[in-house]
Amino acid sequence: MKGFLLGLIVAGAGFGGYYYLKDFLRPPPKPAATADGGAPIKEAREKKKKRRRGAVRVARNDVPGGQPGGSGSGPTRPSAPAPAPAPAIDEPEPIKLSAADLKLVSQGDDLSRPDVIHMGDATDDSGSRELTQDDIDAKFRAKEDAILGCISRARPDEETYVPGRVTVKFRIQRTGNVRGVRVEAPAILQKGGVYGCIKGVVGGIRFPPSNSSQVVAYPFSLT
């Protein structure tokens, strides 16, 4: 009986020593600060990331969830502060035009001289009628866009307002060809080459033959 009790005591002491050595030799756990410190950093990064995406989405559409561009469910995420406005870009000031710049100047051919009739023209019966205004308008309107382009390119810039008008005059020969072009326009447009450009456009128009020559004029109001 004494031997049995002695064996139990020895066995209990052995188990106790085993668990004591096991706890004593166990590596110490990592400091809680390391685990706790990493979690807040990770969580802060995720929150920062989510806040940035949500701010872009709300600022771009400016509508709550459920509308186009929103999440459709769940609470609306707080929007980030509005970005600073872009610096204003100063527009170029229009050029100040003087009275000399706005003075009407006429350039071109002398349209007062009568049309020269050649012998071949006198026997040509293709011009047995007189041109009507509708005949002239039909041919001239096809070139109006090109003439407006000449006026636009002659301006000093797109912002400067040039008041007044541009008057295009030309003589139509009996053969239907244009002989002589004259342009009256503000001096600033003449400096920009408006006459040469319009002469090239109008000089290429071909009208139906007629029994007489005539001078026509088309005014353009500047806006």
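The values are calculated or read from the model by the stated rules, or taken from the named source; none is laboratory data. Computed from a predicted model, the values in this text were never measured in an experiment. Counting neighbours? That spans all protein chains shown, and the Cβs are built from the backbone with ideal geometry, glycine included. Each accessible area value is taken on the protein alone, full model and side chains, heavy atoms only, with ligands, DNA and RNA left out. Shrake-Rupley method; radii C 1.70, N 1.55, O 1.52, S 1.80 Å.
Data table
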{"read-out": "Single match in Ser79, Ser126 (criterion: at pLDDT below 60 and either of a type in the set (A, V, I, L, M) or part of a loop (DSSP other than H, G, I, E, B) (or both))", "value": "Ser79"}
{"read-out": "Neighbours by Cβ (under 7 Å, 6+ apart or cross-chain): first from the range 196-223, in contact (Cβ under 8 Å) with a residue 24 or more places away in the chain; second among the charged types (D, E, K, R) and in a helix (DSSP H, G or I)", "value": "Cys197/Arg153; Ile205/Lys139; Phe207/Asp135; Phe207/Lys139; Pro208/Asp135"}
{"read-out": "Flag for Arg153 being loosely packed, with under 13 Cβ neighbours inside 10 Å and over 29 Å from the mean Cα position of the chain (by Cα)", "value": "no"}
{"read-out": "Residue among Glu144, Glu184 that alone is under 18 Å from Gly108 (Cβ atoms), open to solvent by 20 Å² or more (accessible area, probe 1.4 Å) and of a type outside the set (A, V, I, L, M)", "value": "Glu184"}
